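The values are calculated or read from the model by the stated rules, or taken from the named source; none is laboratory data. Here the structure is a predicted model, which means the values were calculated and not measured. For neighbour counting, all protein chains shown are included, and Cβ atoms are generated from backbone atoms with ideal geometry for every residue, glycine included. The accessibility values were calculated without ligands, DNA or RNA, using every heavy atom of the protein model including side chains. Shrake-Rupley method; radii C 1.70, N 1.55, O 1.52, S 1.80 Å.
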Amino acid sequence: MNIYHHLLKGYDIVSASADRKERFTSRIFYKVFDRYTELSYKMSTESFRVLSRRVINRISSMNKMVPYRKVLYVGCGLRTDNIKYKTPTLISPDQKEKGFRYALAVDSLILFTQR
């Protein structure tokens, strides 16, 4: 509910992130991604996000198929914030999930970085 109440304060995108340390591979990905993109928002690992209708309308009007939606959300220019929450344990993804994440990371770096 904290995420939803934060949205009501005027934010269009509110994401939730665990307060634990990011995985090494995630830190490397976001450092490279932030370094070679022109986005002003510093991206990080998120568990989920809540979007306002304004974001959904803006993204829908772009009429683009993008595999990494987080880039569209951040690049749409609307007010964004992240809230940390406590988590008891780190759940490790299975091999299929890891393969999907690595492929998505490579695709995102190729599609959205400038160099």
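Rolling a 1.4 Å probe over the protein heavy atoms gives the chain an accessible area of 71 Å² per residue.
The residues neighbouring Leu8, those whose beta-carbon lies less than 14 Å from its own, together hold a net charge of +2 under the Lys/Arg +1, Asp/Glu -1 convention.
Sequence-ordered 3J(HN,Hα) estimates for segment 65-73 from the Karplus curve with 6.51, -1.76 and 1.60 and θ = phi - 60° stand at 9, 10, x, 10, 4, 4, 5, 5, 4 Hz, glycine and proline given as x.
In segment 1-113, the portion of solvent-accessible area held by carbon and sulfur atoms comes to 56 percent [1.4 Å probe, whole percent, DNA, RNA and ligands not counted].
Count charges around Leu104 for me, please; just the other residues with Cβ under 15 Å from its Cβ, Lys/Arg as +1, Asp/Glu as -1. Combined, the nearby Lys, Arg, Asp and Glu give +3. Among beta bridges identified by DSSP and lying wholly in the chain, the antiparallel ones come to about 40 percent.
Expressed as a fraction of 2.2 N^0.38 Å, the C-alpha radius of gyration for segment 1-91 is 1.13.
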